[in-house]
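The values are calculated or read from the model by the stated rules, or taken from the named source; none is laboratory data. Computed from a predicted model, the values in this text were never measured in an experiment. No Cβ is skipped: glycine too gets one built from the backbone with ideal geometry, and neighbour counts run over all protein chains shown. Ligands, DNA and RNA are excluded from the accessible area calculation, which covers all protein heavy atoms including side chains. Shrake-Rupley method; radii C 1.70, N 1.55, O 1.52, S 1.80 Å.
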Amino acid sequence: MTAFPAPRALTSVDDLVTAGLVAQPTAALTQVAEAFRIRVSSEMRTAIADPADPIARQFVPDAAELVLRPEELQDPIGDLAHSPTPGLTHRYPDRVILAATHTCEVYCRFCFRREAVGEEAALPEADMQAALDYIAATPAIWEVILTGGDPLVLSPRRLAALMARLSAIPHVQIVRFHTRVPVVAPARITAEMVQALQGRPTTYVVLHSNHAQELTPAATEALARLAGAGIPLLSQTVLLRGVNDDAATLETLFRALLRNRVTPYYLHHCDLARGTSHFRTTIAAGQAIMAELRGRMSGIGIPTYVLDIPGGFGKVPIGPDYLQADADGYLVADWQGGVHRYADPA
Ligand code: SF4
């Protein structure tokens, strides 16, 4: 029997042309590729059914990325404004973001860290030690969020070593891994990887997934390995025009996540990263989708719709609003749009 090699990741415009995902190499696409790195993992390459489908739209570069709007920013959520040491962001008292790596298995065209990802690989040891020293010297830090970069591109050996260093800091109780790997490179979720994520501090895995078509059979098996090991799984989704900006598509995704023991956690309004305006909906459109979802599925499948305030001021829920205060208490809207009086005695 002939063994066919596994399809490799696509990392250039020429690769995308060969794979039939773009028609021809244009000057505009070359310019996009010079500004923002390209990578479509082999799993996502095989998940793309059509060059215009919602998976391709997330990973295949588009000339629209050359459109820069005045409100767009290089560091849209203000990571650098709150960085006490390289690789560390301390925005809220009880938690930090640690960028252990800047590489990913895919480069998403809408990523809010698109200016930072793909440049260097792992955080240099001196910077990692400085970050861990800062965490150890700051007892208010209860939770460490590994993101950045995708932390699960690191080897199980490196992850186990990092977990051991974090476990030596008594006030760190939770380590959260923000990752696309279980979906975009599920073969990385080996028994050794699962073992590296277990133990103290308690681990949460927050899966970034934007469309049910990403949840391939291999992704489903990877999620089962994580859930089977008792690792709590949450998800975050970015609201993206042309990918998932309608209630039916999101309902299908959230139901698929729940079936895989992943609890939908956040729906992010698309951040003001440079060259991403073709992905952004209005907030009003996002609120309307959330209101429709409330009538379509149970609360365990409905994430919180959030906005990262540009400039580094943190994340806030952005509705929709169901309560309106007046002189007699509140008017409350139900899921079908009916309005009811609620008396709220002092
Ligand atoms: S950090 Fe996450 S969203 Fe950004 S390119 Fe990497 S995998 Fe995609």
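A few remarks follow.
- Just so you know, the Cα atoms of the stretch 57-319 work out to an Rg and Dmax of 17.8, 51 Å.
- Carbon plus sulfur fraction of accessible area for the stretch 87-128, probe 1.4 Å, in percent: 58
- Charge dipole of the chain (Cα centre as origin; +1 on each Lys and Arg Cβ, -1 on each Asp and Glu Cβ, all else neutral): 840 debye, rounded to the nearest 20.
- Mean-position separation - Cα centroids, the stretch 178-256 and the stretch 40-112, in angstrom: 17
- Only one residue of Phe112, His171, Ala99 has its Cα farthest out toward the positive end of the dipole of the chain, where Lys and Arg carry +1 and Asp and Glu -1 on Cβ, and that residue is His171.
- Solvent exposure of the chain amounts to 45 Å² per residue of accessible area, where only protein heavy atoms count and the probe is 1.4 Å.
- Per residue, the convex hull around the alpha carbon atoms of the stretch 281-346 comes to 141 Å³.
- Against the empirical 2.2 N^0.38 Å (N residues), the stretch 83-199 has a Cα radius of gyration ratio of 1.02.
- Once the convex hull of all Cα atoms in the stretch 237-346 is built, its volume per residue stands at 140 Å³.
- The Rg/Rh ratio of the stretch 1-73, with both radii computed over alpha carbons and Rh defined as the Kirkwood radius, is 1.04.
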